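Participant: This is the structure, below, for whatever I ask next.
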Amino acid sequence: MVAALEVLIIDDDEVDRMSIRRALKHASLPVNVVEAKTGTEGIAFARDRVFDVILLDFSLPDRDGLDVLNILRQNQSVESTVVMLSRQENPVLAEQAIEGGAQDFLLKDEVNPRRLMRAVRQAQYRQGLEGDLKRSREQLRRLAEHDGLTGLANRYDFERAMELAVSKCQQNGGRLAVLILDIDKFKCVNDTFGHAAGDQLLIEVATRLKSVVRDGDVLARLGGDEFVILAQDLEYDDQAALLANRIVSSFIEPMVFNDVRWRVTTSIGISVFGDYTNNKVDLMRCADIAMYRAKQAGSNQSHF
Ligand code: GH3
């Protein structure tokens, strides 16, 4: 079992904190995230608890990031991997951050699962896991194409399949839909039963999803507790909604682990290929927004 990575985000911007959280989630690792809105709050958190990774915004309301970095480095008995984040490109600042003890300097626009993974790997190295990863290049290649836990395609595989399907639709017409599915309150499973149980649940979710998708549809794990389905060759528009209903029904039967019955529910966002969603990026973005709407509307439902 992989220990959850302890991550501290120090950033006053709520939207930026949200996108960092999402990028971390897509890094496909169990992650525990703590958020601080000011430098002082972040320093206090890092004093009380050891974090593997600290993602530190340079512009904070109470003090600048270099100042916070300096204090963190003085206070910490066990050094965290610190990644300095900045809205603006600034080579001088980047140099100062690295000199001050940060391992990396990232532009906020560059915060994506891949870049964050690089920072996360440094923390893994400390935990002795990097050695395991290095053992086999072949294993790494497989990991790059498949989700190691569920055996489903991963997001990179999925994006390749989507590119093909979208260009087919653009050229020849046809209907396709993207369904993004996020497990509701999944963190609660990890917190209550442990990560091994959480992993078991993710595997069972993948199995149930496999049982409802059609041959030719692409099912992938985007990362964390998020899955995605590319439904192709739809005969009519409502077919995507019917698929979402089938998914919801497939989770009615509770899952059992550690002799406990647990009712899993999911929130599903649907986007359909159309005038305003005729490319990969817009299809994913609309499905994502729809999924958030489903969450906001109370979870356990689908939304367009
Ligand atoms: P919400 O209903 O709002 O979606 O809440 P949630 O509890 O599902 O919250 P969130 O999506 O933020 O939490 C996802 C959790 O999934 C956090 C992370 O530690 C955990 N996680 C990510 N990848 C894995 C994994 O591979 N295995 C396990 N067991 N947990 C994982």
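The values are calculated or read from the model by the stated rules, or taken from the named source; none is laboratory data. This one's a predicted model, so the numbers in the text were calculated from it and none came from an experiment. Methodologically, a virtual Cβ is constructed for each residue, glycine included, from the backbone with ideal geometry; neighbour enumeration extends over all protein chains shown.
Participant: Can you name the residue in the range 214-229 that is more than 16 Å from the ligand (Cβ to nearest atom) and surrounded by fewer than 24 Cβ atoms within 10 Å (Cβ to Cβ) and is also nearest to Arg160 (Cα to Cα) among such residues?
Facilitator: It comes out as Val218.
Participant: Looking only at the range 195-213, which residues are more than 8 Å from the ligand (Cβ to nearest atom) and more than 17 Å from the chain's Cα centre (by Cα)?
Facilitator: Quick first cut of the range 195-213, residues more than 8 Å from the ligand (Cβ to nearest atom) only: 200, 203-213.
Hits for the range 195-213 are Gln200, Glu204, Thr207, Arg208, Leu209, Lys210, Ser211, Val212, Val213.
Participant: If you check Arg141 against the conditions, is it within 28 Å of Lys280 (Cβ to Cβ), in contact with a Leu (Cβ under 6 Å, 6 or more places away or on another chain) and either basic (Lys, Arg) or at pLDDT below 85 (or both)?
Facilitator: Against the criterion (within 28 Å of Lys280 (Cβ to Cβ), in contact with a Leu (Cβ under 6 Å, 6 or more places away or on another chain) and either basic (Lys, Arg) or at pLDDT below 85 (or both)), Arg141 does not qualify.
Participant: Does the range 244-262 include one or more residues that are out of contact with any Phe, Trp or Tyr (no Cβ under 7 Å at 6 or more places or on another chain), within 23 Å of Arg21 (Cβ to Cβ), within 16 Å of the ligand (Cβ to nearest atom) and touching a residue at least 60 places away in the same chain (Cβ under 8 Å)?
Facilitator: No, every residue in the range 244-262 fails to be out of contact with any Phe, Trp or Tyr (no Cβ under 7 Å at 6 or more places or on another chain), within 23 Å of Arg21 (Cβ to Cβ), within 16 Å of the ligand (Cβ to nearest atom) and touching a residue at least 60 places away in the same chain (Cβ under 8 Å).
Participant: Being part of a loop (DSSP other than H, G, I, E, B), under 30 Å from Arg155 (Cα atoms) and modelled with pLDDT under 90, is that true of even one residue in the range 90-110?
Facilitator: From the range 90-110, those part of a loop (DSSP other than H, G, I, E, B) are 90, 100-103; that's our starting set.
Now narrow it down to the ones that are under 30 Å from Arg155 (Cα atoms): 102-103.
Okay, now just the ones that are also modelled with pLDDT under 90, so 102-103.
So far as the range 90-110 goes, yes, one or more of its residues are part of a loop (DSSP other than H, G, I, E, B), under 30 Å from Arg155 (Cα atoms) and modelled with pLDDT under 90.
Participant: Determine, yes or no, whether Asp237 is over 30 Å from Leu5 (Cα atoms), of a type outside the set (Val, Ile, Thr), surrounded by fewer than 21 Cβ atoms within 10 Å (Cβ to Cβ) and at pLDDT below 90.
Facilitator: For Asp237, the condition - over 30 Å from Leu5 (Cα atoms), of a type outside the set (Val, Ile, Thr), surrounded by fewer than 21 Cβ atoms within 10 Å (Cβ to Cβ) and at pLDDT below 90 - is met.
Participant: Kindly provide the set of residues from the range 243-260 that are farther than 24 Å from Leu164 by Cβ and at pLDDT 90 or above, ordered by number.
Facilitator: Passing the criteria: Asn245, Arg246, Val248, Ser249, Ser250, Phe251, Ile252, Glu253, Pro254, Met255.
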